[in-house]
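Comments concern the structure below.
Computed from the coordinates by the stated procedures, all read-outs in this text should not be read as laboratory data. On a predicted model such as this, the values are computed, not experimentally measured, just so you know. Positions of Cβ are generated from backbone atoms using ideal geometry, with glycine treated the same way; all protein chains shown enter the neighbour counts.
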Amino acid sequence: MHGASWWHPLQLIPAGTPRCAALVVTAFFFGALGTRSGAPNLCFACLELARTRQHAEMIIGQWQAHDLIDVARRCVQYDNWFLLAYSTGLALLVLAAAERLPPASMLAQLGPPIAWAQWLAAACDRVENAGLTAMLAGQTQGRWPFVTFCFAATKFALILVGLAYLILFLVALAVPSR
């Protein structure tokens, strides 16, 4: 990025067709994993954001009653790959947006750090998945519900920052420059 103090490894992918191809491959991976989870009846965000042992046990109990624990475990396994796809896809979109802006603009300067934040979201998601795996194995008595909640909330916040950046980019494109 021109004149930015931050740099992101995805910027090594040449802009234009190569970066578009990387985004298409990431989107395909993103979609393929999303359709393979097989969990239309599970609300993973409910368990991810269950702050207490009681709330986590209630959700897991409902899943056990409907014989969905194995499906839930499989979904967590898929998510360990899915997190690579969504974080890289969002990072690529943020970097592509930043590179279309005037290099000295604050929005352009924020692009690389926000792209890094998407990979931080993936790291949070991975810790969250460790918590989900532990809770699905019956370890709800300790700190796992709260730890999972903290990392899930951070993940969602970072993803929202990335999406907000893309919305601001679209607004910046729509508003004529002075």
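A Förster radius of 35 Å combined with the Cβ-Cβ distance from R73 to I167 puts the calculated FRET efficiency at roughly 0.50. Between amide H atoms placed 1.01 Å from N, distances below 5 Å from S105 occur with no residue 5 or more places distant or on a separate chain.
Applying 1/(1 + (r/R0)^6) with r as the Cβ-Cβ distance of R100 and A123 and R0 = 35 angstrom yields a FRET efficiency of 0.80. If every alpha-carbon in the stretch 64-118 counts as one equal scatterer, what log10 I(q)/I(0) does Debye give at q = 0.24 1/Å? Debye output, listed in q order: -0.84. The HN-Hα couplings worked out from phi for the stretch 130-144 by the Karplus form 6.51 cos²θ - 1.76 cosθ + 1.60 (θ = phi - 60°) are 4, x, 4, 4, 5, 5, 5, 8, x, 8, 9, 6, x, 8, 3 Hz, whole numbers, x standing for Gly and Pro.
On full extension, the segment bounded by C43 and L160 gains 40.2 nm, given 0.36 nm per residue less the C-alpha separation. Summing charges over all other residues whose Cβ lies under 12 Å from the Cβ of V76, with Lys and Arg as +1 and Asp and Glu as -1, gives -2.
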